[in-house]
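Asks: Here's a structure for you.
The values are calculated or read from the model by the stated rules, or taken from the named source; none is laboratory data. Quick caveat, the model's predicted, so the values are computed rather than measured. Every residue, glycine as well, gets a Cβ built from its backbone with ideal geometry; the counts of neighbours run over all protein chains shown.
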Amino acid sequence: MRHFALISLTALSLQAMSLNETISYALEHNNALQQANISVERSKTLRDSKQGQRFGRVDVLASYDHYNNPRTLEPLTPISIAGSPDGAYTIPTTKDLFNVGIAYNVTLFDGFAQQSSYEMSDLQYENSSIRSKLGREELIYNVRNLYVSILALQEQLSAQDLYTTSQVRLLERILQEKELGSKSKLDVLKAKSSAQSSRSQVASLEANISTLKATLSALMGDKEFDKTSPLNIVIDKSNKNALGESEISSLDRYKAANLNIQASQKKIDQVSAANYPKIDFGAYYGQNFGPNDTTNTVPLTSSAPSAGQTLISEGDWNSAVNWQVGVHLKWNVLDFGSTSAMSEEAKLALLQAKLEGNSVKIEMRKNILTAQNNIKLAIAQYNNYFAQYELLDETQKIETVRYENDAITLTDLLNTSAKKELTHAQMINAKYNYQKASYYLDYLLEKGETK
């Protein structure tokens, strides 16, 4: 039972993954993409924070202060003191003042600085969303490129294994013929060299495949990638250029560049807000309280009705309600050129963003044209290598017979075989280069996730 379980687990771990399965797994587990998704959420949270700041803030306040001289619990005017029949004796004082209250503050006008700040955060959120989408497109392209590169090397490895087998058989036959005296030691050495060279090529291909698999595993969140599934590649030899160009302005890369331009413009608006007055509204409601500092007894000589009475005893706790509302204006009239310099810097940043946007558009046009030309080149190379391979295949068959009849040397036969194998490898490369160029064009046109 243990052996059965071990075999099952081994078979499961070696299960081949199709290209689409590999892409789906990478999209779900890629570390960089997960970081990009977190960045989107952070941008959204920042935008929500900026939105909330526009409605002001409510604060609960509490404090305790000890004074060297007694303080009243609330501000008083001479009239309020004199107007009381008992005068100042009804007014509590304390050296230990406690306060609890609630305050609301909101900016009524700031030259639209808060509005610009919110709009900038909204642009940042939109930009991070686009970057996340472009990150998905880039990941899909990288996975496709690596997967196809592995398939190309595996096909070359399979062909190289067959070639190595044929070279070993040729060596064995030459060794037998040498024993019979029909072949020389030089023929044996040439055959050994050819077989060893082929084995070396096999080892090189295996190492390259292993490296690409490790790279692909890293893109998949460190999942071990082992086996591929065949991919049907159909080359359109007619190449009527069915791949049309997309409008550059509709692509997310260009939209991201435009968002940077808009953000730079909003930065100018935000800096310009410093030239306007800032108007705030504030409201406060609270209560002051504390132990009375002295015993307040009305003198007997007083004409007040409460003469001789103690109105407030020392240590009695008293309280008073305080509230206020207000509108405040602040207008900077001189900052010694600071705002002017910041405005100039923001204008230069806008100019730089526009130039970068134009560069993005030019670069995208160039890359799309390059990708289309690479597709054409791969098709032309495949057709060329395919024709050469057919010729060399027939030539090898003929020269094998001629060598067996001592019409040509072993060197001639080995050269033809090597040329055929090289052409075969080039043909395989051209086929997969066509597919990689097609995937690259999909990436540039941002169609990777829709295919």
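Asks: Here is a list: 329, 351. Which entry is modelled with pLDDT of 95 or more, assigned to a helix (DSSP H, G or I) and loosely packed, with under 15 Cβ neighbours inside 10 Å?
Replies: That would be 351, the only listed residue that is modelled with pLDDT of 95 or more, assigned to a helix (DSSP H, G or I) and loosely packed, with under 15 Cβ neighbours inside 10 Å.
Asks: Which of (1) under 29 Å from residue 382 (Cα atoms); (2) surrounded by fewer than 16 Cβ atoms within 10 Å (Cβ to Cβ); (3) not assigned by TED's automatic domain parsing to the domain that holds residue 31 does residue 157 not meet, given it meets every other one?
Replies: (2)
Asks: Residue under question is residue 376, and the condition is that it be in contact with a Phe, Trp or Tyr (Cβ under 9 Å, 6 or more places away or on another chain), modelled with pLDDT of 90 or more and charged (D, E, K, R); does it hold?
Replies: In short, no.
Asks: Just checking, which of 143, 168 is part of a helix (DSSP H, G or I) and either of a type in the set (D, E, K, R) or not assigned by TED's automatic domain parsing to the domain that holds residue 410 (or both)?
Replies: That would be 168, the only listed residue that is part of a helix (DSSP H, G or I) and either of a type in the set (D, E, K, R) or not assigned by TED's automatic domain parsing to the domain that holds residue 410 (or both).
Asks: Among the residues of segment 397-418, is any within 30 Å of residue 204 (Cα to Cα) and not in a helix (DSSP H, G or I)?
Replies: Yes, some residue in segment 397-418 is within 30 Å of residue 204 (Cα to Cα) and not in a helix (DSSP H, G or I).
Asks: Would you be able to tell me the number of residues in segment 158-197 that are under 18 Å from residue 424 (Cα atoms) and either of a type outside the set (Ser, Thr, Tyr) or touching a residue at least 40 places away in the same chain (Cβ under 8 Å) (or both)?
Replies: 9
Asks: Right, next: Is it fair to say residue 438 is within 30 Å of residue 133 (Cα to Cα) and either in contact with an Asp or Glu (Cβ under 7 Å, 6 or more places away or on another chain) or of a type in the set (Gly, Ala, Ser) (or both)?
Replies: In short, yes.
Asks: Exactly one condition in (1) of a type in the set (S, T, N, Q); (2) within 30 Å of residue 269 (Cα to Cα); (3) not assigned by TED's automatic domain parsing to the domain that holds residue 382 is false for residue 128; which is it?
Replies: (3)
Asks: With (1) in contact (Cβ under 8 Å) with a residue 24 or more places away in the chain; (2) surrounded by fewer than 17 Cβ atoms within 10 Å (Cβ to Cβ) as the list, and residue 359 as the residue in question, which single condition is left unmet?
Replies: Going through (1) in contact (Cβ under 8 Å) with a residue 24 or more places away in the chain; (2) surrounded by fewer than 17 Cβ atoms within 10 Å (Cβ to Cβ) one by one, residue 359 breaks only (1).
Asks: Now for a separate question. What single numbered condition from (1) at pLDDT 90 or above; (2) surrounded by 16 or more Cβ atoms within 10 Å (Cβ to Cβ) fails to hold for residue 281?
Replies: Here residue 281 meets the rest and fails (2).
Asks: State which residue pairs qualify: first residue at positive phi and inside segment 313-328, second residue assigned to a loop (DSSP other than H, G, I, E, B) and among the polar types (S, T, N, Q) in any location, beta carbons under 8 Å apart, and separation of 6 or more residues or different chains.
Replies: As it stands, the answer is 315/292, since those pairs meet every condition given.
Asks: Still on this structure, I have one more. Condition (residue is over 44 Å from the mean Cα position of the chain (by Cα), surrounded by 12 or more Cβ atoms within 10 Å (Cβ to Cβ) and modelled with pLDDT under 90) applied to segment 93-105: is it met by at least one residue?
Replies: yes
Asks: Another question about this same structure. Which of the residues that make up segment 395-451 are closer than 20 Å to residue 364 by Cα, among the basic types (Lys, Arg) and touching a residue at least 12 places away in the same chain (Cβ under 8 Å)?
Replies: 436
Asks: Right, another one. Checking the condition farther than 30 Å from residue 443 by Cβ and surrounded by fewer than 14 Cβ atoms within 10 Å (Cβ to Cβ), which residue from 166, 184, 194 passes?
Replies: From the options 166, 184, 194, the qualifying one is 184.
Asks: Which ones in segment 419-451 are under 24 Å from the mean Cα position of the chain (by Cα), in a helix (DSSP H, G or I) and among the acidic types (Asp, Glu)?
Replies: 442, 449
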